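Q: Before I ask anything, here is the structure I am working with.
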Amino acid sequence: MEKTVQLKRSLNFFHLVLLGLAYMAPLTVFSTFGIVEDISRGATPAAYLVALIAMLFTAYSYGRMSKAFPIAGSAYSYTQKSISSHLGFMVGWVILMDYLFIPMINFLILGLYMTDYFPSIPLSVWIIGMIVLVTAFNLIGMKVTVTMNMILLGFQYLVLIIFVILSIKALINGTGQGTVFSLQPFMNEHTSIIAVFSGASILCLSFLGFDALTTFAEETIKPAKTIPKAIQFVTLFAGTCFIIISYLAHLIHPDFTSYKNLDTASIEVAKIIGGTLFNALFIAAIVVTCFTSATASHASVSRILFAMGRDSVIPKKFFAYIHPKFRTPANNIILVGIIALAALFTDLVTITSFINFGALFAFTFVNLSVVAHYFIKGKQRSLRGTIQYLIIPIIGAGISLKLWSDLDVKSMTLGCIWAAVGLLYLIYKTKLFRVQPPQMDFVNVEETNKDLSM
């Protein structure tokens, strides 16, 4: 009898925290800082606080669902198993939009910062050049090792620590607000609750990644206990860092109306506190972060498309093709690179909101999955069960829906069009809902990611 090969359970709480923080790139706090300062009217830390509260509720629900289904999973599989396979397909379809746009936002951010540093070189040159480079890397199967990811994570936090030290020193010396303690970054005469929530709807992007810890369920020691704790800790730790950094950045540059370029406002802050030297270090850290994130996300979505093609969720002949020499999903890698060229024709707000459309949609259904699985099907309706499996996830779903509704009109329109296309495709694949929709095995997706990266 052939022995079943299983993944080795070797990851503990500390390992999961490092992996979670690596996914949630610390320097992402700077990518939308200027935009959110403008939208929230100078209350970015308050917007981060609202986003953190929303994410803590959702992180709680991810923890509950990872305990119920301790296998590699996602919002797609949780919705599918707890509520409806058809609804699960729609959640997966909307999430796919996120996967396709995350590489794009990295290319755009990298291009914006490099253009600011080298203004004589057009933005399009940086974007196209990086897309070609990342696509080529992924085509031939090159990857960033776990060790390198940890080194780069350490580099990012080093830059953040230097930023904090220089900011406090500058504030003590009278720069900007001239004080380290102020309530102005949280509430001032220019802002409002509506503005803060609008800013928070953009900032959900900063938290994307904590949910990825659920995919390590089969490699974690005591996953039902360890993963929920790690998810909560990573979300809280990263959110606290985002609040502190944005708080200091606002105090350094309190006039949110005077930024020359909202997309790269953090560069102006870096120049104020550290001059040319720190600015160069700061941009280097941003570039490294964007490049590694773009490479990883580009590779990841190409393999998700491969898995969907292999399972006949989408046309198998094209999407399940593997290059005979490089053993990579070449068609998908090239396709994702082509889609990323849309970064040439859009802006940071639109891409960010578009990604958040899918993320907040998925987060809402993860919260609702807890209610469906534990409270409705599991009938855990004691006082404690009602609080844990009805009230908390319903609050999480409500906040997620509120943030979702605060996205800009353009992103809502594009997102709804994407969802409508998915619904039409679902109707076609299920013969007007008479048969079950095609399903994707996320356990095999993880195995595919590993096998194709060898």
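Q: When you go through (1) open to solvent by 50 Å² or more (accessible area, probe 1.4 Å); (2) within 27 Å of Leu108 (Cβ to Cβ) one by one for Tyr321, which number turns out not to apply?
A: Status for Tyr321: all satisfied but (2).
Q: Return a yes/no flag: does region 357-367 have any residue that is under 18 Å from Ser297 (Cα atoms) and in a loop (DSSP other than H, G, I, E, B).
A: No, every residue in region 357-367 fails to be under 18 Å from Ser297 (Cα atoms) and in a loop (DSSP other than H, G, I, E, B).
Q: I'm checking my understanding of the structure. Among residues of region 346-394 that are of a type in the set (Gly, Ala, Ser) and closer than 17 Å to Arg64 by Cβ, which one is modelled with the lowest pLDDT?
A: Filtering first and then ranking leaves Ala362.
Q: Same structure, new question: Counting only residues that are over 17 Å from Ala359 (Cβ atoms) and among the charged types (D, E, K, R), how many does region 96-112 have?
A: Going through region 96-112 one residue at a time, the tally reaches 0.
Q: Given the structure, is Tyr247 at pLDDT 85 or above, part of a loop (DSSP other than H, G, I, E, B) and either surrounded by 20 or more Cβ atoms within 10 Å (Cβ to Cβ) or under 25 Å from the mean Cα position of the chain (by Cα) (or both)?
A: Here the answer is no, as Tyr247 does not meet what is asked.
Q: Do we find a residue being of a type in the set (Gly, Ala, Ser) and in contact with a Leu (Cβ under 9 Å, 6 or more places away or on another chain) anywhere in region 77-95?
A: Yes: one or more hits.
Q: Do we have any residue at all in region 154-168 that's touching a Ser or Thr at 6+ places or on another chain (Cβ under 8 Å) and open to solvent by 10 Å² or more (accessible area, probe 1.4 Å)?
A: Within region 154-168 (the criterion being touching a Ser or Thr at 6+ places or on another chain (Cβ under 8 Å) and open to solvent by 10 Å² or more (accessible area, probe 1.4 Å)), the answer is yes, since at least one residue qualifies.
Q: I need a count of the residues in region 370-421 that are in a loop (DSSP other than H, G, I, E, B) and either β-branched (Val, Ile, Thr) or without any contact (Cβ under 8 Å) to a residue 60 or more places away in the chain (or both).
A: 6
Q: Follow-up question, since we're still on this one. Is it the case that region 351-359 has a residue that's more than 24 Å from Ser61 (Cα to Cα), open to solvent by less than 20 Å² (accessible area, probe 1.4 Å), touching a residue at least 24 places away in the same chain (Cβ under 8 Å) and within 20 Å of the chain's Cα centre (by Cα)?
A: Yes; the residues of region 351-359 include at least one that is more than 24 Å from Ser61 (Cα to Cα), open to solvent by less than 20 Å² (accessible area, probe 1.4 Å), touching a residue at least 24 places away in the same chain (Cβ under 8 Å) and within 20 Å of the chain's Cα centre (by Cα).
Q: So which residues in region 409-432 are modelled with pLDDT under 85 and surrounded by fewer than 18 Cβ atoms within 10 Å (Cβ to Cβ)?
A: Lys410
Q: From the list Asp211, Asp263, which residue is modelled with pLDDT of 90 or more and assigned to a helix (DSSP H, G or I)?
A: Asp263 is the lone residue from the list that is modelled with pLDDT of 90 or more and assigned to a helix (DSSP H, G or I).
Q: Across region 12-27, which residue is modelled with the highest pLDDT among those that are open to solvent by 30 Å² or more (accessible area, probe 1.4 Å) and not in a loop (DSSP other than H, G, I, E, B)?
A: That would be Phe13.
Q: So which of Phe57, Phe107 ends up being open to solvent by less than 10 Å² (accessible area, probe 1.4 Å) and at pLDDT 90 or above?
A: On inspection, the qualifying residue turns out to be Phe107.
Q: Can you name every residue in region 137-150 that is among the aliphatic types (A, V, I, L, M), at pLDDT 75 or above and open to solvent by 50 Å² or more (accessible area, probe 1.4 Å)?
A: Ile140
Q: Write out, first by first residue and then by second, each pair whose Cβ atoms fall under 7 Å of each other, whose residues are 6+ apart or on separate chains, and whose first residue, in region 173-201, is open to solvent by 50 Å² or more (accessible area, probe 1.4 Å) while the second is of a type in the set (A, V, I, L, M, F, W, C) and assigned to a loop (DSSP other than H, G, I, E, B).
A: Phe186/Ala43; Met187/Ala43
Q: If the requirement is being within 19 Å of Phe33 (Cα to Cα), without any contact (Cβ under 8 Å) to a residue 24 or more places away in the chain and of a type in the set (A, V, I, L, M, F, W, C), which of these qualifies: Ala284, Ala265?
A: Criteria check complete, one pass: Ala284.
Q: If only one of Ala195, Ala238 is under 23 Å from Gln177 (Cβ atoms), within 24 Å of the chain's Cα centre (by Cα) and not in a loop (DSSP other than H, G, I, E, B), which one is it?
A: Ala195
Q: Consider only pairs whose beta carbons are under 9 Å apart and that are at least six residues apart or on different chains; among these, list those whose first residue lies in region 311-335 and is hydroxyl-bearing (Ser, Thr, Tyr) and whose second residue is not in a helix (DSSP H, G or I).
A: Ser312/Ala320; Ser312/Pro438; Tyr321/Pro329; Thr328/Ile140; Thr328/Gly141; Thr328/Ile322; Thr328/Ser453
Condition check ((1) buried (at least 21 other Cβ atoms within 10 Å of the Cβ); (2) within 13 Å of Pro45 (Cβ to Cβ)) across all residues:
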{"position": "Phe210", "(1), (2)": "yes, no"}
{"position": "Lys222", "(1), (2)": "no, no"}
{"position": "Leu251", "(1), (2)": "yes, yes"}
{"position": "Phe256", "(1), (2)": "yes, yes"}
{"position": "Thr264", "(1), (2)": "yes, no"}
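The values are calculated or read from the model by the stated rules, or taken from the named source; none is laboratory data. Note that the coordinates shown come from a computational prediction; the quantities given were computed from them, not determined experimentally. Here Cβ is always computed from backbone atoms with ideal geometry, including for glycine, and neighbour counts include all displayed protein chains. We work out accessible area using only protein heavy atoms, side chains counted, and drop any ligands, DNA or RNA first. Shrake-Rupley method; radii C 1.70, N 1.55, O 1.52, S 1.80 Å.
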